[in-house]
Amino acid sequence: MPEGTIPAAKNAMTISHHDLSAGAAVITLSGRVTLGTTSDQILTVTEELLRDGKRTIIFDLAGVTGIDSTGIGRFISSYNKILTVRGEMRMAGATGHLLDVFHVSQLDRVFPFFATLTEAAAA
């Protein structure tokens, strides 16, 4: 299991992270981001990265297969924590239904979305 990976039950979300540069990191999610203790890890990892001096955090959502209102709330909470330290949050790789959820909730106007992780990293 890669460093920074938290195991999850079948069909549950998995989360991992890695440094992108001195001030930036990527949090990679896969599976379903829903109510439960696993999705709590989004905030835990975000807080850890902020304590480590990361100010740009990119969420790689390419592997996310579903999301509920709790999952959306985890991103809103992360966004607020990142803004508190004058950081920047970017979203990468969301497609289909997942992107529609962020669009319908108008969060695509709050969080900058990029088609790929490469594009988000270069922004």
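The values are calculated or read from the model by the stated rules, or taken from the named source; none is laboratory data. Only a predicted model underlies this, so the values are computations on that prediction, with no experimental measurement involved. Reconstructed Cβ throughout: ideal geometry from the backbone, glycine too, with neighbour counts over all protein chains shown.
Here are a few things to note about the model shown:
- If the condition is being small (Gly, Ala, Ser) and surrounded by 12 or more Cβ atoms within 10 Å (Cβ to Cβ), then the range 87-122 contributes Gly87, Ala92, Gly93, Ala94, Ser105, Ala115, Ala120, Ala121.
- Qualifying positions in the range 85-121 - part of a helix (DSSP H, G or I) and closer than 16 Å to His18 by Cα: Leu117, Thr118, Ala120, Ala121
- Any chance Ile42 is in contact with a Gly (Cβ under 9 Å, 6 or more places away or on another chain), within 20 Å of Ser21 (Cβ to Cβ) and among the hydrophobic types (A, V, I, L, M, F, W, C): no
- Failed item, numbered, when Gly66 is tested on (1) buried (at least 16 other Cβ atoms within 10 Å of the Cβ); (2) assigned to a strand (DSSP E or B): (1)
- Filter result (more than 14 Å from Gly87 (Cβ to Cβ) and either of a type in the set (Val, Ile, Thr) or free of Cβ contacts under 8 Å to residues at least 24 places away in the same chain (or both)) within the range 27-44: Thr28, Val33, Thr34, Thr37, Thr38, Ile42, Thr44
- Total residues in the range 1-34 satisfying the condition of being modelled with pLDDT of 90 or more and either in contact with a helix residue (DSSP H, G or I) (Cβ under 6 Å, 6 or more places away or on another chain) or not in a loop (DSSP other than H, G, I, E, B) (or both): the figure is 20.
- Taken over the range 29-54, the criterion of being more than 23 Å from Val104 (Cα to Cα) and touching a Leu at 6+ places or on another chain (Cβ under 9 Å) is satisfied by Lys54 alone.
- Residues located in the range 13-54, provided they are basic (Lys, Arg) and buried (at least 16 other Cβ atoms within 10 Å of the Cβ): Arg32, Lys54
- Inspection of the range 80-99 identifies at least one residue that is among the β-branched types (Val, Ile, Thr), touching a residue at least 24 places away in the same chain (Cβ under 8 Å) and under 20 Å from Thr46 (Cα atoms).
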